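To start, the structure itself, in structure tokens.
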Amino acid sequence: EALLDRGWHVQAIRPPTVPAGSARLRLTLSALHTASEIEALAADLRTVFSTYGLDLASATRLGS
């Protein structure tokens, strides 16, 4: 919800879709997103993770 409040539609993926005790965020980017939009999203992700005491560096993993 914190990202939605900032204008980003990000879906939370929770068990049983992912292993118990874990969660993921689903982001979809396209060629229509500008570099500045992607940079703004990254900045907002850092802010939200920091606000909730989450370590973005250890949580970062790209999926398909």
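Is the stretch 50-64 home to any residue that is on the phi < 0 side of the Ramachandran plot, among the basic types (K, R) and within 9 Å of the chain's Cα centre (by Cα)?
So in the stretch 50-64, the residues on the phi < 0 side of the Ramachandran plot come out as 50-52, 54-64.
Add one more test, that the residue is among the basic types (K, R), and what stays is 61.
This time we only want the ones that are within 9 Å of the chain's Cα centre (by Cα), so: none.
Checking the stretch 50-64: not a single residue is on the phi < 0 side of the Ramachandran plot, among the basic types (K, R) and within 9 Å of the chain's Cα centre (by Cα).
D5 - would you say it is surrounded by 11 or more Cβ atoms within 10 Å (Cβ to Cβ) and not aliphatic (A, V, I, L, M)?
no
Scanning for something in contact with a helix residue (DSSP H, G or I) (Cβ under 8 Å, 6 or more places away or on another chain) and loosely packed, with under 10 Cβ neighbours inside 10 Å, does the stretch 11-34 turn up at least one residue?
yes
Of the conditions (1) outside any helix (DSSP H, G or I); (2) within 14 Å of the chain's Cα centre (by Cα), H33 satisfies every one except a single condition; which number is it?
(2)
Here, each number is a calculation from the coordinates, and none is a lab measurement. None of the values given here were measured: they were computed from a predicted structure. Every residue, glycine among them, receives a Cβ derived from its backbone with ideal geometry; neighbour counts consider all protein chains shown.
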